[in-house]
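Everything below concerns the one structure shown next.
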Amino acid sequence: MSEKIKVLGISGSLRKHSKNMALLRASVELNPENMEIEIFGLEDIPFYNQDLDNEDNLPKAVQMFKEKITASHSLLIASPEYNHSVTGILKNAIDWASTPYSNSPLNKKPYAVMGVSGGASGTIRSQLHFRQIAAENNMFGMNKPEIYVTMGKSKFNEKDELTDEPTRERLKKFLEAFYEWTLRNL
């Protein structure tokens, strides 16, 4: 494994102490040697408006987001589950990135999805829904292994550092598999 891959990490949460953002930061810490993860925040991306979705009006944050997706080899998504689905902020960002459909930076982009919840479901339904959205955009999702972090508050300390050792080990294996998945789908 000598090829360095660039991964764009995206959190579907805007919360200051988001456990999903903390999971992305833990991924940066635990990633394989030949993987570089850059986290991109979605807080500046406006609501999708087709009137602005052209070269003359495209918001700067959206333009930057699309450029970051294009420059990355793959995407690492960490998102909570809201109402049995992905968060609005994540869906909104994907809506922006998916156009124009003929030249979307999401097309054939490898990705992995993971999530942290405060309960026992561990974002299972939101991950399934994200896979539907990704399939519509012809993205290549890693199916196994999966990361559903349950009872999230007990897995992170007061500094939002992932301290649960079994979860850290699962995350390392997940990231190693994601590295291989990305290489196979470049």
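The values are calculated or read from the model by the stated rules, or taken from the named source; none is laboratory data. Just so it is clear, the model here is predicted, and its values are computed rather than measured. Methodologically, a virtual Cβ is constructed for each residue, glycine included, from the backbone with ideal geometry; neighbour enumeration extends over all protein chains shown. Note: accessible area is taken over every heavy atom of the protein model, side chains too, but ligands, DNA and RNA are not part of it. Shrake-Rupley method; radii C 1.70, N 1.55, O 1.52, S 1.80 Å.
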Qualifying trypsin sites (Lys or Arg not before Pro) for segment 16-68 [loop in DSSP, other Cβ within 10 Å: at most 13]: Lys16
Net charge over other residues, Cβ less than 10 angstrom from the Cβ of Ile124 (K, R count +1; D, E count -1): -1
Reachable lysines, given that their alpha-carbon falls under 24 Å from the alpha-carbon of Lys173 and they are not under 8 places away in the same chain: Lys4, Lys6, Lys19, Lys108, Lys109, Lys144, Lys153, Lys155, Lys159
Loop-resident sites, segment 3-43, for GluC sites (Glu not before Pro), counting at most 16 other Cβ within 10 Å (DSSP): Glu3, Glu33, Glu43
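Just how large is the dipole of the chain about the Cα centre, in debye to the nearest 20, putting +1 at every Lys and Arg Cβ and -1 at every Asp and Glu Cβ?
Working: 23 positive and 24 negative charges, 96 e Å.
So the magnitude is around 460 debye.
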Probe 1.4 Å, accessible area per residue of the chain, Å²: 52 Å²
Antiparallel DSSP beta bridges within segment 46-186, percent to nearest 5: 20 percent
Summed residue charge, Cβ within 12 Å of Met139's Cβ, Lys/Arg positive, Asp/Glu negative: +2
Filtered GluC sites (Glu not before Pro), segment 108-186: DSSP coil and at most 14 other beta carbons within 10 Å: Glu158, Glu161
Inter-probe distance in nm under a simple model that places probes 7 Å from Cα toward Cβ, at Leu52 and Lys173: 4.3 nm
Net charge over other residues, Cβ less than 11 angstrom from the Cβ of Thr99 (K, R count +1; D, E count -1): -1
